[in-house]
1. Taking Cα atoms, how many degrees apart are the long axis of helix 194-207 and the longest axis of the chain, rounded to 10 and kept between 0 and 90?
2. According to the Cα gyration tensor, what semi-axes, each the square root of 5 times an eigenvalue, does the equivalent ellipsoid of the stretch 361-441 have, listed from largest to smallest in whole Å?
3. Provide the convex hull volume over Cα atoms per residue for the stretch 20-367, in Å³.
4. Could I have the simple spin-label model distance between residue 504 and residue 34, label points 7 Å from Cα toward Cβ, reported in nm to one decimal?
5. Name the shape class, rounded, prolate or oblate, that the alpha-carbon gyration tensor gives for the stretch 376-513, where a ≥ b ≥ c are the square roots of its eigenvalues, rounded holds for a/c under 1.5, and otherwise prolate holds if a/b is larger than b/c and oblate otherwise.
6. So what's the Cα pair-distance distribution over the stretch 219-278, bin width 10 Å, in %?
7. Over the chain, what is the mean sequence separation of C-alpha contacts under 8 Å (at least six apart), divided by residue count, expressed as relative contact order in percent?
8. Need one number: % antiparallel among DSSP beta bridges in the chain, to the nearest 5.
């Protein structure tokens, strides 16, 4: 019997049935634009269908060229394009799955000089001012949606999802923020909703009744002059009447300054608004955002917040998510940690999406070619030194391919730097990654040796064919007078060794580690708890209150009047950076602003353009040469504690005297930041090459 009876209950749509309540939500991957992209996309979607998901929704497909960004535009607007899409639909149907094509018109969000919108208002995240559509132009765009849906049906899709959320084209017509028209497409709600209703009516008339139409409707715009929830309810009822089979709930515009999917967002943080919408809907309602486990999905369904659960990134992390859950193997799921580092950040950099915890995501065809299972005669005897991200990735991947792997670590638990990261408020999901690797060690037969130090002589004599050194890094010291004073600590002194920290603290180094230390020190209660037990995440109520989200749903865009709440802190923190420019500019594109905003709301003072002169009884002596200063100025920052987060050095001591063939991976190879994404990828790829 399944542990998740509601999650695996079929959903009858009348003309077709979905085998469970799980939807793989839409997410652009960049595959379709790559060389042999449709073949690769077919393998990618086929793997998720084989993994048991009830319904897949593709990444956004544009109805015409001007509706998308130039670097990622892929459209379906001619019969000749149908054959490519047939590769995808055939692959999914072969595995017993169903798939809908998302029709996405980016509107003013399109990085495209020919972009169009209801009004000529540039988005704050785009350099282009859109052209205002004429009445005839609006009708033409509606017709493009209808034609795209018709092509999708001929290409074998089971339905379409009309993207009417997240601040894209259709959403722009609905919100007063972006629709300043005075004709029949603007002004009153009846006029502003005419376009989405016309799109759905036209699609239904064209494709017939035996075709799924999902409409993605923005529940919370989270921007000023967005739609109030009272209007969302009216639009939803009209979309239902127009012929939609399912309403998918969207949260937040892309320009909103409130996090919606990052790790710091509590799980199921927005299902409460789906529940309020579902109370008036007569068709199934999908909810989404930060639902990454079958337990959480089941709880959402049990509360009655929605009829279906949409997850996108969790299927990058583990294509077998649904099968594992249905077979009561949830402890084997490789959980999405919501980091965005290899998926969304890659896309914004013009790269293909992948996944930090699963570097084979979107590389399925490549992975199949390297998946060599070794028999006893060809298996290598391999030692892995260091059970951090790189060592864990290599050891479990190599053992799964048949190699005999022994994993050594001097610590009493696996994880390495993950054991540091998991303590940072908002990064609790790393506990899930460690749970996954502990289980993989058991399943793959890795011989684990904790509390064990080895030297090169032992490795030389043990008969290993290969040694993988994943020994990690050591913190870099700061070469200034006074760096040996007792109040000067490394980040490991604080996060690992729990050395006492004063009330006024200077953090030298504003990279990812510096930001993590600042976040940790703002929540000092973490210092006294057990690091072996995952803490409770921030409650949804506290999260929505601190970010100024209107839970009463009466304000336009569901924002409280003054937005984010300023938060008090017991410590006074100074986050210092050598470089001139924005502090933390090198943080992830989709999450860096969240970390900066959180620290600023707690009163953390960020300073740049600094030279560190010395440390003495007065404090930290600085020279400020920031760009906005006419001349350098010297000053003293009176602080109790200085925490050094100024980088790392690779730990390579075992290479001396080692006669067995060896490979350095992870931080032991390159110590540029604590880069778990690179470490896991490097470990997996090395295992595939042996």
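What follows is calculated from the coordinates using simple rules that are stated; it is not laboratory data. The model shown is predicted, which means the values in this text are computed figures rather than measured ones. Backbone-built Cβ (ideal geometry, glycine too); neighbour counts: all protein chains shown.
1. 80
2. Ellipsoid semi-axes (Å, largest first): 26, 17, 8.
3. Enclosed volume per residue, from the Cα hull, is 121 Å³.
4. 5.3
5. prolate
6. With a bin width of 10 Å, the distribution comes to 20, 49, 27, 4.
7. It comes to 12 percent, rounded to a whole number.
8. On the way: 17 of 79 bridges.
Percent antiparallel among DSSP bridges in the chain is about 20.
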